[in-house]
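Presented below is the structure to which this report refers.
The values are calculated or read from the model by the stated rules, or taken from the named source; none is laboratory data. Note that the structure is a prediction, hence the values are computed from the model and not measured. Note: ideal-geometry Cβ built from the backbone for every residue, glycine included; neighbour counts use all protein chains shown.
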Amino acid sequence: MELTDTISALIFALIVMAVVIYIVMSRYVIGPLAQLKPAERAMLAVMLLGVGLVMVYAATELLFHVVF
């Protein structure tokens, strides 16, 4: 692996760690999903969708950087 590939893999790993920490912390800060109001559930769904899109973007960038 070249240095640029290693840096890309490191950035992807840091993004994955940040997402895991975000999800775990939001679970403790927000609390049980059943007690949330519908608007709060919608906001949580949009936030998790955004996190998922960032993960897909990071994975795609890493894949294209490694392959090409």
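Test of understanding: among 55, 17, 43, which residue is surrounded by 10 or more Cβ atoms within 10 Å (Cβ to Cβ), of a type in the set (A, V, I, L, M) and touching a residue at least 40 places away in the same chain (Cβ under 8 Å)?
55
Kindly indicate whether residue 29 is without any contact (Cβ under 8 Å) to a residue 24 or more places away in the chain and surrounded by fewer than 10 Cβ atoms within 10 Å (Cβ to Cβ).
The answer is yes for residue 29.
Residues in segment 1-60 that are modelled with pLDDT under 75, aliphatic (A, V, I, L, M) and assigned to a helix (DSSP H, G or I): how many?
6
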